[in-house]
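Some notes on the structure that comes next.
The values are calculated or read from the model by the stated rules, or taken from the named source; none is laboratory data. In this text, all values refer to a predicted model and were calculated from it rather than measured experimentally. Positions of Cβ are backbone-derived with ideal geometry, glycine not excepted, and every protein chain shown enters the neighbour counts.
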Amino acid sequence: MAKKKDNQIKKDQRHQELEDRLKRTMADYQNLERRIEEERRLLSKLSAMLLVEKLLPVLDNLENAQAHLKDEGLAIVIKQFKDILTQEGVEEIEALGQSFDPNQHEAVETQEGENDNTVARIIAKGYKIEDKVIRPAKVVVTKSGTPNQMDQEREEEKFQMEDQ
């Protein structure tokens with residue numbers, strides 16, 4: 001009788017051990033599925049970003065042509081182009097009049113102005129998908145101070161860069 005009880009206890013332990021293993025395996029499998037799906041989404045997003053990045057210079061050229069030609073047909077094409085980008089989650093980065101943000105803007109020039117670090121002019125538009133910057137906006141940033149102070153600061157920056 002004691003031997004039967006020992007066998008039953010061993011069977012119950014083995015059964016519990018196999019059940020625990022199955023649960024861990026199922027959890028590992030679900031985690032793997034989740035990770036694969038996340039990687040698929042990331043790959044899809046990255047692919048879209050690479051394609052959009054290649055198309056942005058075309059949009060810039062169309063907008064530059066429109067600025068000179070003022071053609072109604074071209075305006076329609078540009079609107080369609082922008083609508084498709086919007087459907088894909090692409091947004092233009094707000095820059096003009098905004099505080100300079102090095103994460104979204106690239107300062108290509110400074111000019112004298114009342115407010116420090118304010119975007120005064122946009123040289124090239126910037127774009128992002130969700131919070132990921134595809135291309136930063138190239139901007140002119142204001143710097144308060146007298147022209148002599150600004151020239152002196154530029155000279156100091158040059159010397160610092162040369163020392164590096």
Fill in: Where residue 108 falls short, out of the listed (1) assigned to a helix (DSSP H, G or I); (2) among the β-branched types (Val, Ile, Thr); (3) in the same structural domain as residue 139 (by TED's automatic domain parsing)
(1)
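Only one of these is more than 19 Å from residue 130 (Cβ to Cβ), in a helix (DSSP H, G or I) and out of contact with any helix residue (DSSP H, G or I) (no Cβ under 9 Å at 6 or more places or on another chain): 24, 40. Name it. I'd like the intermediate steps shown before the answer.
On the way: 40 fails: more than 19 Å from residue 130 (Cβ to Cβ).
Answer to the selection: 24.
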